[in-house]
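Chemist: One structure coming up, written as structure tokens, with questions to follow.
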Amino acid sequence: MAELSSADHSMNPPQVRIPRDYNAAHDLLERNLKAGRGGKTAVIDDAGSYTYQDLTHRANRFANALEALGIAREQRIMLALHDSIDFPAAFLGAIKAGVVPIPVNTLLPTKDFDHMLRDSRACTLVVSQALYDTFAPILKNQPALRHIIVSGSDAKGHLLLSHLCAQAAPEFKAVDT
């Protein structure tokens with residue numbers, strides 16, 4: 001059996017100190033902007049491609065929209081979004097705002113979404129328009145749910161993600177998490 005040398009860190013990895021005011025979304029986005037990648041492609045979806053600067057502005061707008069809706073730090077929001085720019089923007093924007101995003105598998109049945117909404121006590125659901133009908137039967141019976149935000153062109157009688165974000169500022173100071 002080989003002995004471990006003092007230089008072998010496999011048993012005791014070096015300690016990494018994360019600052020107390022660390023925000024993962026801010027770190028991810030700002031690190032890329034500071035490295036000069038603001039104009040580089042960060043996300044590609046069916047509608048086109050988006051740069052790190054675009055993604056940062058969208059995440060900031062979403063964070064501001066959450067704040068305007070009164071969604072407080074450490075509250076939970078469920079994200080049932082198809083693969084588009086809206087998913088990373090909402091996920092990172094929530095984290096920047098100190099809100100806990102709960103991304104869910106969009107292929108699950110209604111009963112599973114019902115359980116997850118109840119169990120998580122999510123105060124907000126952000127849902128792709130194409131998935132709305134899967135959620136519709138359970139929305140009125142969610143005790144913690146205060147806001148439904150729809151990603152797409154039809155808000156289905158609720159809040160429209162693009163409208164909320166268009167009204168919000170593209171700058172946001174990340175919350176200490």
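Chemist: What does the extension gain come out to for D114 and T41, with contour length at 0.36 nm per residue minus their alpha carbon separation?
Modeler: Contour length minus the Cα-Cα distance gives 22.7 nm.
Chemist: Once the piece of chain linking V100 and D154 is laid out straight, how much longer is it, given 0.36 nm per residue of separation minus the C-alpha distance between them?
Modeler: On the way: separation 54, 0.36 × 54 = 19.44 nm, distance 2.56 nm.
Length gained between V100 and D154: 16.9 nm.
Chemist: With +1 on each Lys and Arg Cβ and -1 on each Asp and Glu Cβ, and nothing else charged, work out how big the dipole of the range 110-168 is about its Cα centre, in Debye to the nearest 20.
Modeler: In total the dipole reaches around 200 debye.
Chemist: To continue, here is another question. Set Lys and Arg Cβ to +1 and Asp and Glu Cβ to -1, take the dipole of the chain about its Cα centre, and tell me which of I71, T41, Y22 lies farthest positive.
Modeler: With unit charges placed on the Cβ atoms, the residue in question is I71.
Chemist: When the accessible area of the chain is split by element with a 1.4 Å probe, what percent falls to carbon and sulfur?
Modeler: Carbon and sulfur atoms account for 52 percent of the accessible area of the chain.
Chemist: For the range 27-150, what is the charge dipole size about the Cα centre, in debye to the nearest 20, if Lys and Arg each add +1 at the Cβ and Asp and Glu each add -1 at the Cβ?
Modeler: Around 380 debye, computed over the range 27-150.
Chemist: Please compute the contact order of the range 24-111 in relative form: average sequence separation of alpha-carbon pairs under 8 Å and at least six residues apart, divided by the residue count, as a percent.
Modeler: It comes to 29 percent, rounded to a whole number.
Chemist: Still on this model: Which cross-chain or sequence-distant (5 or more) residues have an amide H under 5 Å from the amide H of S151, H modelled 1.01 Å from N in plane?
Modeler: Amide H to amide H, under 5 Å and 5 or more residues apart or across chains, S151 pairs with V127, S128, Q129, L161.
Chemist: What residue among V43, V16, V126 shows peak mean-square fluctuation when the chain is described by a Gaussian network model with Cα springs under 10 Å?
Modeler: Ranking V43, V16, V126 by mean-square fluctuation puts V16 first.
Chemist: Of the peptides 74-83, 105-114, how do they stack up when ordered by the mean number of other Cβ atoms within 10 Å, highest first?
Modeler: Top of the packing list down: 74-83, 105-114.
Chemist: Could you go through the range 99-106 in sequence order and give the Karplus-derived ³J(HN,Hα) for each residue, using 6.51 cos²θ - 1.76 cosθ + 1.60 with θ = phi - 60°, rounded to whole Hz, and x for Gly and Pro?
Modeler: Those phi angles translate into 8, 8, x, 10, x, 10, 5, 6 Hz.
Chemist: How many nm is it between the label spots at R73 and S49, if each spot is 7 Å from the Cα in line with the beta carbon?
Modeler: 3.8 nm
Chemist: Given contacts defined as C-alpha pairs under 8 Å and at least six residues apart, what's the relative contact order of the range 91-177, whole-number percent?
Modeler: Rounded, it is 29 percent for the range 91-177.
Chemist: Same structure, new question: Let me check something: with ligands and nucleic acids excluded, how do H115, H57 order by accessible area (1.4 Å probe), largest to smallest?
Modeler: Ranking H115, H57 by accessible area, largest first, yields H115, H57.
Chemist: Taking the chain as a Gaussian network, Cα atoms linked when under 10 Å apart, which of D46, D27, D119 shows the biggest mean-square fluctuation?
Modeler: D46
Chemist: Could you state, as a whole-number percent, how many of the C-alpha pairs of the range 23-102 are farther apart than 22 Å?
Modeler: Value for the range 23-102 (Cα pairs over 22 Å): 21 percent.
Chemist: Then there's this: ³J(HN,Hα) across the range 155-170 via Karplus (A = 6.51, B = -1.76, C = 1.60, θ = phi - 60°), whole Hz, x for Gly/Pro?
Modeler: 6, 6, x, 10, 7, 9, 3, 4, 5, 4, 6, 5, 7, 9, 6, x
Chemist: So if we plug the beta-carbon distance of K140 and D83 into 1/(1 + (r/R0)^6) with R0 = 25 Å, what FRET efficiency do we get, rounded to 0.05?
Modeler: FRET efficiency, K140 to D83: 0.30.
Chemist: Here is a follow-up. Please list, ordered by chain and number, the residues whose modelled amide H lies under 5 Å from the amide H of T106; skip anything fewer than 5 residues away on the same chain.
Modeler: none
Chemist: When only Cα pairs under 8 Å and 6 or more residues apart are kept, what is the percent relative contact order across the chain? Don't skip to the answer; put the middle values down first.
Modeler: Values: 283 pairs, mean separation 42.3, N = 177.
Worked out over the chain, it gives 24 percent.
Chemist: Follow-up. Counting only DSSP beta bridges with both residues in the chain, tell me the antiparallel percent, nearest 5. Show your work: numbers first, answer last.
Modeler: Numbers: 4 of 19 bridges.
About 20 percent, rounded to the nearest 5.
Chemist: In Å², and per residue, what accessible area does the chain have when probed at 1.4 Å with the other protein chains present?
Modeler: So the chain comes to 58 Å² accessible per residue, rounded to a whole number.
Chemist: Express in nm, to one decimal, how much length is gained between N12 and Q129 on full extension, taking 0.36 nm for each residue of separation and deducting their alpha carbon distance.
Modeler: 37.3 nm
Chemist: Which of A144, A94, A63 moves most in a GNM of the chain, Cα contacts under 10 Å?
Modeler: Judging by the Gaussian network model, the answer is A144.
The values are calculated or read from the model by the stated rules, or taken from the named source; none is laboratory data. None of the values given here were measured: they were computed from a predicted structure. When we count neighbours, we look across all protein chains shown, and the Cβ atoms used for this are built from the backbone with ideal geometry, even at glycine. Calculation scope for accessible area: heavy atoms of the full protein, side chains included, ligands and nucleic acids excluded. Shrake-Rupley method; radii C 1.70, N 1.55, O 1.52, S 1.80 Å.
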